Amino acid sequence: MKNKYSIFSLVRNAVSYHQNWSQAWRSPDPKPAYDAIIVGGGGHGLATAYYLAKEHSITRVAVLEKGWIGGGNTGRNTTIVRSNYLWDEAAHLYEKSLKLWEGLSQELNYNVMFSQRGVMNLGHTLQDMRDIVRRSSANQLNGIDSEVLTPAQIKNIEPTINISQQARYPILGASFQPRGGVARHDAVAWGFARGADRYGVDVIQNCEVTGIRQQNGSVTGVDTTRGFIAAPKVGVVAAGHSSLLADYAGLRMPIESHPLQALVSEPLKPVLNTVIMSNAVHGYISQSDKGELVVGAGIDSYIGYGQRGSYSVIEGNIAAIVELFPNFSRVKMLRQWGGIVDVCPDACPIISLTPVKGLYFNCGWGTGGFKATPGSGWVFAYTIARNTPHGLNAAFDLNRFYTGALIDEHGAAGVAH
Amino acid sequence: MLSIDCPWCGSRDQSEFSYGGEAHIVRPKEPEKLSDEDWGDYLFNRKNTKGRFEEQWCHTAGCRRWFNAVRDSQSYKIEAVYKIGEQSPDGIPE
Amino acid sequence: MSSQRLPSGGRINRGRPLEFFFNGRRYEGFEGDTLASGLLANGIRLFGRSFKYHRPRGLFGSGSEEPNALVQLGEGASTIPNLKATQVELFDGLSARTVVGWPSLEIDLYAINNRIGRLLPAGFYYKTFMRPRFLWDWYEGRIRHAAGLGFAPTEPDSARYDKRNAHCDVLVVGAGPTGLMAALVAGRSGARVIVADEQAEMGGDLLSSTQHVSGACPWMFLDNLVKELSLMDNVMLLPRSTVSGYYDYNFLVINQRRTDHQAGIGDIVSRERNWRVRARQVVLATGAIERGLVFADNDRPGIMLSSAVRTYINRYAVRPGRTGAVFTNNDSAYQTAVEMHGAGMEVKGVIDVRQRPSQERLLQMDTLGIPVYSGHGVGGTRSGRQGLRAVELCRLSADGRDVLTQKGSLDCQVLAISGGWNPAIHLHCQSGGRPKYDDDQACFVPDKSVQSERSAGSALGIFQLGNCLSDGVDAGVHAVRETGYACAHIDIPYASDRTGSAIEPMWNVPDGVLPGRGGKKFVDYQNDTTAADIALAAREGYRSIEHVKRYTALGFGTDQGKTGNINGLAILAQHLGQSIPATGTTTFRPNYTPVTFGAIAGRELGTVFFDPVRKTPMHDWHVAHGAVFEDVGQWKRPWYYPKGGETMESAVRRECLATRKSIGLLDASTLGKIEVRGRDSAEFLNRIYTNAWSKLEINRCRYGLMLGEDGMVMDDGVSSRLGDNHYYMTTTTGGAAHVLGWLERWHQTEWPELEVFFTSVTDRWAVASIAGPNSRSLLDRLCSDIDLSAGAFPFMSLREGSVAGISARLFRISFSGELAFEINVSADDGVALWELLMEAGGEYGITPYGTETMHVLRAEKGYVIVGQDTDGSVTPADLGMDWIVSKTKDFIGKRSLARSDMLRDSRKQLVGLVTEQPETVLPEGTQLVNEPSTDYPVPMTGHVTSSYYSSTLGHSIALALIKGGHTRMGASVYAPTLDGQCIKAIISSPVFYDPENKLHKT
């Protein structure tokens, strides 16, 4: 393999002063036609292209990205990876993803720095604890690692957390998934882009889709800022703009796009050992390899495409974190930002065929799409290649909003992550 | 941080308000006559417009009135507010 | 280490010496010093180490732009990580240490990274540490140990923080010459003005300047200006106050630091205050930040921004070294040569990359005897033990791209560098404005305003003092006019600025060696991002500035790249062969400088302010009688009342049995209560509830179920008819606010034609519920004006009267299955009623019980708790409550119940469970399987929603949602618990107690 990454290639290239590294991915001009087009160069889109090429040998593929790859929610999230979902359908999908994460650096030959430091979901009320047992129990029966911790066990893992029973909402316990963790978000996009590129996929940046053409009920290609590109199959996976793209195809979606904010502290020496999430006080926190505390909360209430939200959400978020970790009061917030999350009524995604033949949508991941990146790409590639959903995503079709077969994961996904 | 001009109370901080999503979704008069598709469309499908968007707000910590606003969902600028039952400046009748 | 303090001058108070400690050593400084100037005065040049290569670093800047000199202040719970020494005001006893350097600043073992630097190019970690896979955890641990800057405190913070909301006509950001003039105009015109400046003193660049204004020395001009402003009632001056964020609708956050600069002030006042400001107009006089030059080994201690050198000399009276030189591509740094000369430093020369510096400057240097090396660059530097020792001179080609000849070296301890000036456009961009590239000045300036703001002075790219003063006036006039005030007259002060020649951008100073070799050329000091890193990123296809930033960590530091970002993007542009504007900047986002978490949280913390606590009128009684509480929404509800060391289990058994055998007393005040009035009340309730309400008789009660429009159970409660057009609704404790909002919303937005009014009366009533076979007997003793007999006061009806002389409304409703009365009295009378009931009930052994007993009693009856036995995916039919769903009328959610998935046989349905072992209580939440198995995934058939030991029945009971449960009575299911047991249970009816419903009707 050309320019395979390893300690040896690093040494070899050091000798030549790093002048001979090849491009991680090319920046080709679009061709007139492809076998499949993926709209959206985020982690999910790039993963889809990668698995289309690798698993289904469909390599005449273009990934069209209106900005820079990984520039949407892939590069704006708090990088939490876990699979402790309540309902079978969601648990199986996210667990597939987690399994892919576990070998992803080796699979892609790109270190995505997946750090399995465990994910803790705190419970503050008796009902929280019932829900925690319910979810942990379901996880275990689904073969997913999950345990329930007492406050003392929580304190043992996270020595600075406040488990005082005098707190406004004292910590009563937690569920814990040791295999969960965090990853380097940008690297996931770059690793998949490089992997897909190696199979011949064209990753085309600064190419915005402005229309979806169809004829006799079948998709024929997309109009872009760089001209029309033909393809018999178009997969749309463009979080933040799903409704807009659906509109191009004359489809209505059960989606609302909300701002989701996140923030980081200044870099600190290691002080957090795991990922801590709390629905009741609305916040979650982890520490990155670089040392920053990475903090997030829930969505802003209103529809917003501005990649920014309201300051009051940040205030509430920080208050929640200081409530959990009173020692972080003197730590400083370095930077905040926002993304656009496409929220579905049941907090579960849509990975589905559409009424337009050859047009597929993968959207509605809400606040939790990052963790699903490899799994989402894997099942979406299958769906596009075979024109039928894989067993893992069959339940996540558009039809469920008409039959009522929703997969209500608000309990597991009610707070952003 | 939005500042919202409640049509009853005047300009107030966003924190006094709660959001209601898309405006002018009329509950079907005879739901039982709708197909599952049409009912599902009413229940879940939303315009989710990027740009000028008619939406509902409630002055929850104030007069507790619901009203409509035309807001640009990208710039967040509120172009107009109008009471329930009033004509939208964008012309969609209540 | 000799003192570098100048004999006179500076804005320090020499009458007030201070002692302080740095890395454990004692030093002396003066009031008015920063930690940086204090150390520099003591001859300290090594301030820290860099993040990646651990190279020795000194001061680079003099303010919030500082990338290198990061310190940890103080110890223990009050320690503060990652402060910039340039912003730490000295106080007596201050103690600080450097944040990078392990085990110490002088002997840093990680400095090995510098030696093996070639193995650590940008993004090296993406390319390695992958095999063997199991070692990654170890690698990551090492990476984490090496990364991070300062230490977070590990103990709770004892400081307080607060917030203030403020409105003003004009917010002036930055109190330099521009901002002060704007404030003066606005202030004199009568506008309400806030002036915020991040520094301890107002004045901005005037504090470091020697340039006269209107004929006066700058500090006299400044003092007069600040004095006039401070005397205006309509002007508020906020020093040590950084505008950290600019949000929508002219909402800005000012972070004010109030105590850190004073020793021993303790926690008397809040440590920091965040001002939340809505400004009608904003003047962004945020100044400009000098940028460095990118040349080989440009990071030695002693290489400083030219503006910083001026500041240390003029403002702090500190000579940064004995010998110095200047390296520049623009005129502004010549003044630094003048100041260095004036401070008694030996100035070895001005190295100017431009072929033709201005004549005026050349003459000026000539007068001072300072050689000017025009058309030259610095090709490398050498260091001694304390930093910079010499710089290597190169003659540059005319286009500045190549080295023509090496020209020897200049020995100097200080190199004052200037690569030009970047207007601080951060807040403009945060407000939604865009940056626009100004080719002539080689910098980004603000483009059009989007909100009501105007940038002014050097923030706008106006770099001459005289022009800044007049632009400040213009900005003030603009703001005053926009806010509707009559503009006061003002004389524009003048300053004589030198004319000069234009800046010539020099983004990457050539050093005459092959790409990738030679000394490291740092672009971002804190993250050790070099020009070679940026070139590598571009070569590898990371072409977007955002990719380069993320791949190389450019601008990711605590300084957010204030001095390096523009150099970095210009170098990228060169490598991509495109223009700087086409390359674009990264996004400017809050915060401008880091803000303390505590200040952002403010007082909204702890048991009182994090979230309001709601207590019932009888709360204190419960506390006094040893109740253990449960959080339900914001309410504190008694959970159980342990007696004399009882466990919860035994307390609940006692409470249950007492209620079933005699009388129990429950505080039910938390239930949501809503008055529904108006002509169309009945019609409205018909639409909201699944059942019909028109025919309910006055003084009768009915159980009602509310669905969401999706058909799922949302809330429930008993509602009563008080009059023809008057209903009284109760809701769940946690759902009360939501239900009120729900009613209002449907009414206002969908059915405004209905005449109906809602009033929340939850807090108006105290509710004591007595339940048990003796409850009527007890009530008989206390109530003489109501016939309590079953015939006269039947189940599901209400009466008004008095209980022990307290005016009361009595409901004969039961959530326990027992004969029960809910006594509603005014909140004020709650405690009195409660105590009277306890007293009168003494002979019946009346027993107060909490929510746990309430749950057991209702579960014995199979009554659901919405939110515990339902989860938003449960329909009335799933609960076996078809009987309450009207077939004839429409109601919210009805149509959804007819969707295909609602008719599925395998839906999870509410059933009862009885364990095989009567004493075994199923853990709530546990999933159920039809066949125990360890062959994962194991198919699940449902889960336990409620589970208790029923002391009344002598066995455990549970409620569960089980697939197709209604048709599986008598079937076995298994509960594999989290602790490894597998409990067998039999599906039963959910009604375990009094299935004929006789008792509560007696």
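The figures follow:
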| item | result |
| --- | --- |
| Hits in segment C:534-555 - residues which are of a type in the set (A, V, I, L, M, F, W, C) and in contact with a strand residue (DSSP E or B) (Cβ under 8 Å, 6 or more places away or on another chain) | C:Ile534, C:Ala553, C:Leu554 |
| Some residue of segment C:763-773 being closer than 29 Å to B:Trp57 by Cβ, among the small types (Gly, Ala, Ser), touching a residue at least 40 places away in the same chain (Cβ under 8 Å) and part of a strand (DSSP E or B) | no |
| In segment C:33-80, the residues that are of a type in the set (Gly, Ala, Ser) and in contact with a strand residue (DSSP E or B) (Cβ under 7 Å, 6 or more places away or on another chain) | C:Ser37, C:Gly38, C:Ala41, C:Gly48, C:Ser50, C:Gly58, C:Gly61, C:Ser64, C:Ala69, C:Gly74 |
| Segment C:162-208: number of residues that are among the hydroxyl-bearing types (Ser, Thr, Tyr) and out of contact with any Gly (no Cβ under 9 Å at 6 or more places or on another chain) | 1 |
| Where a residue in segment C:932-943 is at the interface with chain A (Cβ under 9 Å from one of its Cβ atoms) and its partner, wherever it lies, is in a loop (DSSP other than H, G, I, E, B), with Cβ under 7 Å and at least six apart | C:Tyr936/A:Asn142; C:Tyr936/A:Gly143; C:Pro937/A:Asn142; C:Pro937/A:Gly143; C:His943/C:Gly925; C:His943/C:Thr926 |
| Checklist (1) surrounded by fewer than 17 Cβ atoms within 10 Å (Cβ to Cβ); (2) of a type in the set (Val, Ile, Thr); (3) within 30 Å of C:Gly518 (Cα to Cα) applied to C:Thr210, failing item | (3) |
| Candidates C:Ala553, C:Ala537, C:Ala495, C:Ala573, filtered to the one that is outside the structural domain of C:Tyr247 (by TED's automatic domain parsing), at positive phi and touching a Ser or Thr at 6+ places or on another chain (Cβ under 9 Å) | C:Ala553 |
| Which listed residue, of C:Thr552, C:Thr499, C:Thr587, is among the hydroxyl-bearing types (Ser, Thr, Tyr) and surrounded by 19 or more Cβ atoms within 10 Å (Cβ to Cβ) | C:Thr552 |
| Extreme residue, farthest from the chain's Cα centre (by Cα), among residues of segment A:117-148 that are buried (at least 23 other Cβ atoms within 10 Å of the Cβ) and assigned to a strand (DSSP E or B) | A:Gly123 |
| Residues located in segment C:87-116, provided they are of a type outside the set (A, V, I, L, M) and crowded, with 18+ Cβ neighbours inside 10 Å | C:Gln87, C:Glu89, C:Phe91, C:Arg97, C:Thr98, C:Gly101, C:Asp108, C:Tyr110, C:Asn113, C:Asn114 |
| Close pairs (8 angstrom Cβ cut-off, 6 or more residues apart or separate chains): touching a residue at least 24 places away in the same chain (Cβ under 8 Å) in segment C:104-122, aromatic (Phe, Trp, Tyr) anywhere | C:Asp108/C:Trp102; C:Tyr110/C:Trp102; C:Ala111/C:Tyr53; C:Asn113/C:Tyr53; C:Asn114/C:Tyr53; C:Gly117/C:Tyr53; C:Leu120/C:Tyr53; C:Ala122/C:Tyr551 |
| Wholly within segment A:301-417, strands (runs of 3 or more DSSP E) carrying at least 2 residues that are in the same structural domain as A:Ser278 (by TED's automatic domain parsing) and either at pLDDT 95 or above or in contact with a Lys or Arg (Cβ under 8 Å, 6 or more places away or on another chain) (or both) | A:332-343 |
| Residue, farthest from the other protein chains (Cβ to nearest Cβ), within segment B:75-94, restricted to residues that are free of Cβ contacts under 8 Å to residues at least 40 places away in the same chain and among the charged types (D, E, K, R) | B:Asp90 |
| Residues of segment C:729-755 that turn out to be in a helix (DSSP H, G or I) and not hydrophobic (A, V, I, L, M, F, W, C), as a count | 8 |
| All positions within segment C:157-171 that are modelled with pLDDT under 95 and of a type outside the set (D, E, K, R) | C:Ser158, C:Ala159 |
| Matching residues, segment A:309-356, being farther than 30 Å from A:Val379 by Cβ, among the small types (Gly, Ala, Ser) and open to solvent by less than 10 Å² (accessible area, probe 1.4 Å) | A:Gly309, A:Ser310, A:Ala319, A:Ala320, A:Ser329 |
| Filtered residues of segment A:210-248 (kept if within 14 Å of another protein chain (Cβ to nearest Cβ) and either among the small types (Gly, Ala, Ser) or open to solvent by less than 40 Å² (accessible area, probe 1.4 Å) (or both)) | A:Ala238, A:Ala239, A:Gly240, A:His241, A:Ser242, A:Ser243, A:Leu245, A:Ala246 |
| When residues of segment C:814-837 are limited to those that are among the small types (Gly, Ala, Ser) and part of a helix (DSSP H, G or I), the one most open to solvent (accessible area, probe 1.4 Å) | C:Ala832 |
| Residue that is nearest to the other protein chains (Cβ to nearest Cβ), among those in segment C:724-763 that are under 30 Å from C:Ala658 (Cβ atoms) and open to solvent by 40 Å² or more (accessible area, probe 1.4 Å) | C:Gly734 |
| Every residue from segment C:641-677 that is hydroxyl-bearing (Ser, Thr, Tyr) and surrounded by fewer than 24 Cβ atoms within 10 Å (Cβ to Cβ) | C:Tyr641, C:Thr647, C:Ser650, C:Ser662, C:Thr670 |
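The values are calculated or read from the model by the stated rules, or taken from the named source; none is laboratory data. Everything quoted here is computed from the prediction, not taken from an experiment. Glycine gets a Cβ as well: all are built from the backbone with ideal geometry, and neighbour counts include every protein chain shown. All accessible areas refer to the heavy atoms of the entire protein, side chains included, with ligands and DNA or RNA removed. Shrake-Rupley method; radii C 1.70, N 1.55, O 1.52, S 1.80 Å.
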